[in-house]
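Down below is the structure, laid out as structure tokens.
Derivation of every value follows stated rules applied to the coordinates shown; laboratory data play no part. As the structure is a prediction and not an experimental result, all values here were calculated from the model. Cβ: placed from backbone, ideal geometry, glycine included. Neighbour counts: every protein chain shown.
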Amino acid sequence: MTCTGCALLCDDIDVHDGEVRPACRIGAAHILNRHQVDPMVNHEIVSIDDAIGHAATLLTDAKHPMFLGFGNSVTETQEIGVRLAEKIGAGIDTCSSHAHLIDDIIHNRVRTCALSEVRDMADVILFWGADPMNTHPRLLSGYAYYPRGKNRQHGWEEDRTAITIDVRRSHTASICKGMHKIVFGHEAEFVDALMLALQNKVPKTVYDSKQVLKLAGTLKKAEFGVIFAGPGLVESVPHDAIIRLMDRLNEFSDFRILPLHSQYNLRSIAAVKTAATVTTTDVATGATTNNTTNNTTNTTTDAADAREQQGVGTQTSKITLNSLREADCILCVGFDLISSLPQACDIDARIIIIDPNETLTAGCADVVIPCAAGGVDMAGTAVRLDGVEIDLPCIMETGQAGVGMPTDTPTRMSDASIMNRLLEAV
Amino acid sequence: MPGIKIDQFLAAPDREITVVEYQDIFQTEAALKHGKFSKEYQDLSTVILLDPADLKKIGASDGDLVKISSEHGTVVVTAKKSEGDTKHEVMAKEGHQGHPGVGYMPASVWLNILGSTPAPVSAKVSRSQQKIYTVSELIPGFKV
């Protein structure tokens, strides 16, 4: 079975007698999660049909609807969500800082690789603004550092060099062979200094030039280098600077980049949006446009280029209060808006949430619709952080005890079914 | 006057810090296992790791409550003495010891009250006698 606790989508999970093995803390808690909410309208418990009906009415009446999230939904739900957005003219924002990088990877602007290639070939691994020991606990043991790979039989002891670049000494840094501390406000300067050092020039910078030159030397000697890009990199360094750095690194060695995001199916929603006929609204500007493409790779690249030329993006890196003020109805799908942006409780928009978990947004929402969790009590497909499509079988059947699961699990409707009902009703 | 101490009438010393977000696997687990309204989640979320020098400057000790105020909002959390950056051999060699002027908080609604994260937030920290506010007390219009 597959765990949807994070974007690693570990597919060796076994559930027996209420125990989840060999999942990490996040995965086990995610699969055994029993904190579900009742369907609610205006903070009153109602039937699921009433909640969906009320949500449909709000979406139908909305003049500027906005959909947030979808990174924690199976691909099938994302596809229906995009069709619903198209039907009512809603914009979709994944609210992820990794959106630009994933876009660059999908459109081949930067080189990437599969996690199996990391395990078999990677000799230099950079964790940049990332702390996988706290966000993707099995990355180090499964792929990035500890395992013996095809060309890395001596594993981390001799064959791999792991380096952390971060604003703080993370837990991941404590097991790495090197650590470079980023100075606040000088994040992009570190990239510039490294670019110069790669050309054997001594950078004039707030950073220790010797250490930057030493890092550049290590990177240039890499046979197969990988950068795991965490929020600390993609939030603070412009994505074109990341592309330039990757190009420069590939002049000397073979370097790849992988986004280290938490939402288990974020990689898919970017592709689904690009591949579909989508009406996208840039939440920052309120501008709306139509992009029609088909499903081939070449045309999706064209579509992305066209969007850029029109100045209308489908991806925003960070949701802001001002961007939300444009909307009069916000549908959060697997996204806890209030946890990310508490001030959003004050905005004058109706809020609908569809989520398998208890979220803080329920405290401000007009409509709450609980749903099944992808890969737990709902089957589907998802795309791992390296772009590999993974089938998600049910760990437990909806309303029934699954393999080794307790029998007190309530019946939950899948978010795909809920989106379909909304699609029919609006 | 018996029972009254002079320091009751003095403002607690404060210190300008930059608050930086970090991820904590135990907090993520608590959110899933016990829910985001649980005490377990709140206890792991309402924490700031401060450098020992900063703790000393504001007259606080490990485990004391501190008030953190930014231009966007104010929260009360528990101060924890940071292990600092000295434990790591490589870091020590590179001279990155301690982190005065920088506080680390786990990603949560309490941190987001202070401003948009994970971009670092400028704030003032001082010792506090107030209590830690729950989510519903922090956010106006919030109903549980």
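Tabulated data
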{"read-out": "Distant-in-sequence amide H partners of B:SER122 (H built 1.01 Å from N, under 5 Å)", "value": "B:VAL19"}
{"read-out": "Options A:THR205, A:ILE88, A:MET40, ranked by Cα towards positive dipole end of chain A, top entry (Cβ charges)", "value": "A:THR205"}
{"read-out": "Residue-averaged beta-carbon neighbours from other chains (10 angstrom radius) around B:29-41", "value": "6"}
{"read-out": "Formal net charge of residues neighbouring A:LEU233 (Cβ-Cβ distance under 11 Å; K, R +1; D, E -1)", "value": "-3"}
{"read-out": "Karplus 3J(HN,Hα) series, Hz, for the stretch A:193-201 with 6.51 cos²θ - 1.76 cosθ + 1.60 (x for Gly, Pro)", "value": "4, 5, 4, 5, 4, 5, 9, 6, 9"}
{"read-out": "Cut-off 14 Å between beta-carbons: net charge of the residues surrounding B:GLU71, Lys and Arg +1, Asp and Glu -1", "value": "0"}
{"read-out": "Reachable aspartates and glutamates from A:LYS63, criterion Cα separation under 16 angstrom, eight or more residues apart if same chain", "value": "A:GLU86, A:ASP282, A:GLU326, A:ASP328, A:ASP348"}
{"read-out": "Acute angle (nearest 10 degrees) that the helix A:266-275 long axis makes with the longest principal axis of chain A, alpha-carbon atoms", "value": "70 degrees"}
{"read-out": "Exceeding the 27 Å Cα-Cα cut-off - candidates A:LYS181/B:LYS56; B:LYS80/B:LYS131; B:LYS81/B:LYS131; A:LYS181/A:LYS220; A:LYS177/B:LYS56", "value": "A:LYS177/B:LYS56"}
{"read-out": "Expected 222 nm ellipticity per residue - DSSP helices of 4 or more, -39500 (n - 2.57), all of chain A, to 500", "value": "-9500 deg cm²/dmol"}
{"read-out": "Relative exposure of A:HIS171, B:HIS99, A:HIS239, judged by other C-beta atoms within 10 Å (fewest first)", "value": "A:HIS171, A:HIS239, B:HIS99"}
{"read-out": "Positive minus negative residues near B:LEU55 (Lys, Arg vs Asp, Glu; Cβ under 12 Å)", "value": "+2"}
{"read-out": "Most mobile of A:GLY387, A:GLY217, A:GLY89 in a GNM of chain A (Cα contacts under 10 Å)", "value": "A:GLY217"}
{"read-out": "³J(HN,Hα), Karplus 6.51/-1.76/1.60, whole Hz, each residue of the stretch A:77-89, x for Gly, Pro", "value": "5, 4, 5, 5, x, 5, 5, 5, 4, 5, 5, 9, x"}
{"read-out": "Distance (nanometres) between label positions extended 7 Å along Cα→Cβ at A:PHE252 and A:HIS16", "value": "5.0 nm"}
{"read-out": "Spin-label model distance (nm) - B:LEU65 vs A:LYS87, 7 Å beyond Cα toward Cβ", "value": "5.0 nm"}
{"read-out": "Cα shape, the stretch A:102-259, gyration tensor, a/c 1.5 rule", "value": "rounded"}
{"read-out": "Estimated FRET transfer efficiency when R0 is 35 angstrom, pair B:GLN130-A:GLU189 (beta carbons, to 0.05)", "value": "0.35"}
{"read-out": "Highest-first arrangement of A:250-256, B:74-80, where packing means the average Cβ count within 10 Å", "value": "B:74-80, A:250-256"}
{"read-out": "Backbone HN-Hα couplings from phi across the stretch A:353-367 [Karplus 6.51/-1.76/1.60, Hz, Gly and Pro as x]", "value": "10, 10, 7, x, 10, 6, 10, 5, 4, 4, x, 10, 7, 7, 9"}
{"read-out": "Cα-based helix-to-principal-axis angle, A:297-310 vs chain A, degrees rounded to 10", "value": "80 degrees"}
{"read-out": "Beta bridges per DSSP with both ends in the stretch A:102-259, % antiparallel, nearest 5", "value": "5 percent"}
{"read-out": "Charge-dipole axis of the stretch B:13-132 as Lys and Arg at +1 and Asp and Glu at -1 on Cβ define it, positive-most pick from B:ILE48, B:VAL102, B:ILE58", "value": "B:ILE58"}
